[in-house]
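Novice: Mind having a look at this structure? Questions to follow.
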Amino acid sequence: MAAALADKPAARHGRYPFGSSWEGIGEWMLHDDRFDAAGVTAHYRCGFGVPPVLGAVTVHGRTGPQVEFDGMPLIGRKVSAIDKALVERADNGEMSLLVGCNFDLGPAGLNMYVRAARAGDHVVSEARFCQAEWEDHG
């Protein structure tokens, strides 16, 4: 992951603090860097006068590296299959689940959420790893 973030991003997304009519006035705030070669996106916390701080990393569902949780592959699969497996583990008492801000499921204490990503006419799973407070606002 560190090597991916050392490369130049394929795309950067951010905004100016005052909306489109004021674009160019004020400090541009970075929200995310997309690293297509590595298949990940880095998401940042930012604010007026505050430099961007890494808050989360999403492993892309179509192009990201395979990531596993307790032997379960998380990337590029049917989201419903992963959700079902997580719920079964929670029902068996193996772990507790949390629901993220987009209703994504994740194991309690891991700060990882399984998300859905479009892949043409289909949806595949991706994973977001984040700081503990990240899902509270974003």
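Novice: Which fully enclosed strands (runs of 3 or more DSSP E) of the stretch 21-138 have 2 or more residues being among the acidic types (Asp, Glu) and either out of contact with any strand residue (DSSP E or B) (no Cβ under 9 Å at 6 or more places or on another chain) or surrounded by 16 or more Cβ atoms within 10 Å (Cβ to Cβ) (or both)?
Specialist: Once the strands (runs of 3 or more DSSP E) in the stretch 21-138 are filtered for at least 2 residues that are among the acidic types (Asp, Glu) and either out of contact with any strand residue (DSSP E or B) (no Cβ under 9 Å at 6 or more places or on another chain) or surrounded by 16 or more Cβ atoms within 10 Å (Cβ to Cβ) (or both), what remains is 29-35.
Novice: List, please: which pairs have Cβ atoms under 8 Å, are six or more places apart or on different chains, and start with a residue in the stretch 45-56 that is over 15 Å from Arg34 (Cβ atoms) and aliphatic (A, V, I, L, M) and end with one that is in a loop (DSSP other than H, G, I, E, B) and at pLDDT 85 or above?
Specialist: Listed by first residue and then by second, the contacts come to nothing, as the list is empty.
The values are calculated or read from the model by the stated rules, or taken from the named source; none is laboratory data. Treat the numbers as computed from the prediction; the structure is a model and nothing was measured. Glycine gets a Cβ as well: all are built from the backbone with ideal geometry, and neighbour counts include every protein chain shown.
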